[in-house]
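Q: Let me give you the structure first, and then I'll get to my questions.
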Amino acid sequence: MKKIGFIDFYLDEWHANNYPAWIRNASGGNMEVAYAYGVKDSEHGLSNSAWADKHGVQLLDSIEEVVEKSDCLIVLSPDNPEQHEALAQLPLASGKPTYIDKTFTPDQAAAQRLFKRAAQHGTPLYSSSALRYATEYADAEREGIEVISSLGPGAFENYSIHQIEPIVSLMGADAKRVMSIGTETAPALLIEFGSGRQATIRHLGDECPFTLAVKYRSGSCRILKPESDFFQLFMRDLVAFFESGHATVPSEHTIAIISIIENGMKAMQRPYEWIELPCAAVHS
């Protein structure tokens, strides 16, 4: 049985609370979250020790111990991506398959540094929003997409990835520039891709379900609503990654997504002005 180690900023958070059972089920009992480390206790929930007792996970005293004992690693801290670079330094030097939770990093430079470190040490690495794995998105025709219009809930800062991830998975990593076209209460971003293709994302509040409208150069349009159990589909991909060491999400996609978010934040301060995006490659 493969032993998985959690490395988190604090352990009592939604992803850490649900991943252990999901991983066990998705792997048919062949993988389990066995070890965990949290930098600090949750300020509004269980202590790390209480969380470990509740989930039957051995709490360790350091990241080093988790990396040493585990076969595979998950760096969590989904709501504090600014912690990921520090938390991931030892995992990415281990050579052990490592998943870093969304949002991967706060900025493109940090994303490139993490992929570079992983490559230098032969460590398989990926990151993704679970929305990428919705059947409705995964099965969509990618050839000939001209425009995508996306709607969803949540704040731009931590929820835009759930709209941008599917867009990049469908349109590719060649995003060129972004422009803020929304309002204070309904942020929106226009993204220009190569060959004049465009996508928009809009955050319309918690009652707005995730929805994509995809227009093709042929003139046809498809409305995609992720009604499949995308978290369980994501877990199957994660388990397959831990088994094979092969990531299905290209690093260029993840870096482009982070660049769009980072520069989208800048664009919010300069509405109706284009912000150019840098190259999404991993620099050697």
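The values are calculated or read from the model by the stated rules, or taken from the named source; none is laboratory data. Bear in mind that the values here come from a model prediction, so they are computed numbers and not experimental data. Note that we place each Cβ from the backbone using ideal geometry, even for glycine, and neighbour counts take in every protein chain shown. With ligands, DNA and RNA removed, areas are computed over all heavy atoms of the protein, side chains included. Shrake-Rupley method; radii C 1.70, N 1.55, O 1.52, S 1.80 Å.
Q: Once phi is turned into ³J(HN,Hα) by the Karplus curve 6.51 cos²θ - 1.76 cosθ + 1.60 with θ = phi - 60°, what whole-Hz value does each residue of segment 90-103 show in order, with x for glycine and proline?
A: Residue by residue, segment 90-103 yields 6, x, 6, 9, 8, x, 9, x, 10, 10, 10, 5, 5, 6 Hz.
Q: I would also like to ask the following. Using only the alpha carbons of segment 42-89, determine the length spanned along each of the three principal axes and report them from longest to shortest in whole angstroms.
A: 27, 25, 15
Q: Further question: Of Pro226, Gly45, Gly196, which is farthest on the positive side of the dipole of the chain, counting Cα position, with +1 on Lys and Arg Cβ, -1 on Asp and Glu Cβ, and the Cα centre as origin?
A: Gly196
Q: Now for a different question. Can you give the Rg/Rh ratio of the chain, where Rg is from the C-alpha atoms and Rh is the Kirkwood radius?
A: In the chain, Rg relative to Rh is 0.97.
Q: Right, another one. Ignoring solvent entirely, what values of log10 I(q)/I(0) come out of the Debye formula for segment 219-261 at 0.16, 0.28 Å⁻¹ when each Cα is a single scatterer?
A: -0.69, -0.93
Q: Counting only protein heavy atoms, what percent of the accessible surface of the chain is carbon or sulfur at a 1.4 Å probe?
A: The nonpolar share, carbon plus sulfur, comes to 48 percent.
Q: Same structure again: Hey, got the dipole for segment 79-187? About the Cα centre, +1 on K and R Cβ, -1 on D and E Cβ, debye to the nearest 20?
A: Here segment 79-187 has a charge dipole of around 520 debye.
Q: So what are the ³J(HN,Hα) numbers for segment 7-15, from phi and the Karplus equation (6.51, -1.76, 1.60; θ = phi - 60°), rounded to whole Hz, Gly and Pro as x?
A: 10, 9, 6, 8, 8, 7, 9, 4, 5
Q: How large is log10 I(q)/I(0) at q = 0.28, 0.29, 0.33 Å⁻¹ when the Debye formula is applied to the Cα atoms of segment 9-56, each weighted equally and without solvent?
A: For segment 9-56 at q = 0.28, 0.29, 0.33 Å⁻¹, log10 I(q)/I(0) is -1.04, -1.08, -1.26.
Q: Here is a further query. DSSP beta bridges in the chain, what fraction antiparallel, as a percent rounded to 5?
A: Numbers: 22 of 46 bridges.
That works out to approximately 50 percent antiparallel.
Q: Give the span of segment 67-135's Cα atoms along each principal axis, as three whole-Å numbers ordered largest to smallest.
A: Between the extreme Cα coordinates on each principal axis of segment 67-135 lie 32, 27, 19 Å.
Q: Given the whole protein assembly as supplied and a 1.4 Å probe, what does the accessible area of Val239 come to in Å², nearest 10?
A: 10
Q: Quick one: in segment 139-284, what % of C-alpha pairs are over 17 Å apart?
A: 62
Q: Any idea of the accessible area per residue across the chain, 1.4 Å probe, to the nearest Å²? The partial results should precede the final answer.
A: Details: 12250 Å² over 284 residues.
In whole numbers, the chain has 43 Å² accessible per residue.
Q: Connecting C-alpha atoms closer than 10 Å in a GNM of the chain, tell me which of Ile181, Ile74, Ile201 has the biggest fluctuation.
A: Evaluated over the chain, the most mobile residue of the options is Ile181.
Q: When the convex hull of the Cα atoms of segment 53-168 is projected onto a plane and the area is averaged over all directions, what value comes out in nm²?
A: Seen from a random direction, the Cα hull of segment 53-168 projects 9.6 nm² on average.
Q: Just how far, in whole angstrom, is segment 108-132 from segment 26-68 if you go by their alpha carbon centroids?
A: About 22 Å separates the Cα centre of segment 26-68 from the one of segment 108-132.
Q: Now for a different question. Taking Rh as the Kirkwood radius, which is the inverse of the mean 1/r over Cα pairs, what is the Rg/Rh value for segment 113-217?
A: The Rg/Rh ratio comes out at 1.01.
Q: As an exercise, find the ratio Rg/Rh for segment 1-130 from alpha-carbon atoms, using the Kirkwood inverse-distance average for Rh.
A: Here the Rg-to-Rh quotient is 0.94.
Q: Regarding segment 205-276, what's the average projected area of the Cα-atom convex hull, expressed in nm²?
A: 8.1
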